[in-house]
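Trainee: Handing you a structure now.
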Amino acid sequence: MTTNELIKQVLEKWGFPVLQENDNCLVFRYQMSYIQANITGGEDANAVALTLTGVFSADDEKEMFLGLRTCNDLNYNLLQVKLYIDSDSDLIIASEFFYQTPDDMEYLLNMSLQSVIVAKRRFTQKYRELEEEAKLISELEQE
């Protein structure tokens, strides 16, 4: 069974339909988010990268600075997930895992998905905190 088929089997078991499928990529909804599962290294590879986008997009230099600062703070503390802002100023939350046997897939997919969702929540919280901090500093500088 291919990695793609294993992922689809687990998602079907959990009740999450695949919304889009092409080559080595599946898109599905998980906890109010669209997740993309990419099989890296070919159809029979045992590496899977989950990505979540659409959470944040920087519209100006200030937002970019706060977004990057938030990513750096969270990347320092989170091990399973990495957050970064791409060249289009959009946040990407990514988690990658490697499985040894088909039995590993369900456990690792679950852990990876949970990590991505936690990172999304933490990004939103941390960004708000840094935004408030920046406002306070700006107000103090104006006085």
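The values are calculated or read from the model by the stated rules, or taken from the named source; none is laboratory data. These figures come from a predicted structure and were not determined experimentally. As a convention, Cβ positions derive from the backbone with ideal geometry for all residues, glycine included, and neighbour counts pool all protein chains shown. Surface areas here come from the heavy atoms of the whole protein model, side chains and all, with no ligands, DNA or RNA. Shrake-Rupley method; radii C 1.70, N 1.55, O 1.52, S 1.80 Å.
Trainee: Answer yes or no: is there a residue in segment 125-133 that is assigned to a loop (DSSP other than H, G, I, E, B), in contact (Cβ under 8 Å) with a residue 40 or more places away in the chain and among the aromatic types (Phe, Trp, Tyr).
Mentor: No, every residue in segment 125-133 fails to be assigned to a loop (DSSP other than H, G, I, E, B), in contact (Cβ under 8 Å) with a residue 40 or more places away in the chain and among the aromatic types (Phe, Trp, Tyr).
Trainee: Considering only residues that are more than 15 Å from ALA47 (Cβ to Cβ) and not in a helix (DSSP H, G or I), look in segment 69-81 and name the one that is most open to solvent (accessible area, probe 1.4 Å).
Mentor: Going through the qualifying residues, I end up with LEU79.
Trainee: Filter segment 102-143 down to residues that are polar (S, T, N, Q) and open to solvent by 60 Å² or more (accessible area, probe 1.4 Å) and give me whichever is nearest to LYS13 (Cα to Cα).
Mentor: Keep residues of segment 102-143 that are polar (S, T, N, Q), which gives 110, 112, 114-115, 124-125, 138, 142.
Remaining after also requiring open to solvent by 60 Å² or more (accessible area, probe 1.4 Å): 114, 125, 142.
Working: GLN114: 17, GLN125: 32, GLN142: 57 Å.
If we take residues in segment 102-143 being polar (S, T, N, Q) and open to solvent by 60 Å² or more (accessible area, probe 1.4 Å), then GLN114 is nearest to LYS13 (Cα to Cα).
Trainee: Yes or no: ILE93 in contact (Cβ under 8 Å) with a residue 60 or more places away in the chain and open to solvent by less than 80 Å² (accessible area, probe 1.4 Å)?
Mentor: no
Trainee: Let me ask something else. Quick one: is SER87 polar (S, T, N, Q) and open to solvent by less than 50 Å² (accessible area, probe 1.4 Å)?
Mentor: So SER87 does not fit the description; no.
Trainee: Among residues belonging to segment 1-46 that are over 15 Å from the mean Cα position of the chain (by Cα) and among the basic types (Lys, Arg), point out the one that is nearest to GLN100 (Cα to Cα).
Mentor: The extreme case among them is LYS8.
Trainee: State the number of residues belonging to segment 46-59 that are open to solvent by 20 Å² or more (accessible area, probe 1.4 Å) and either among the polar types (S, T, N, Q) or in contact with a helix residue (DSSP H, G or I) (Cβ under 8 Å, 6 or more places away or on another chain) (or both).
Mentor: 6
Trainee: Still on this structure, please answer the following. Whether any residue in segment 9-30 is open to solvent by less than 60 Å² (accessible area, probe 1.4 Å), out of contact with any helix residue (DSSP H, G or I) (no Cβ under 7 Å at 6 or more places or on another chain) and part of a helix (DSSP H, G or I) is what I want to check.
Mentor: yes
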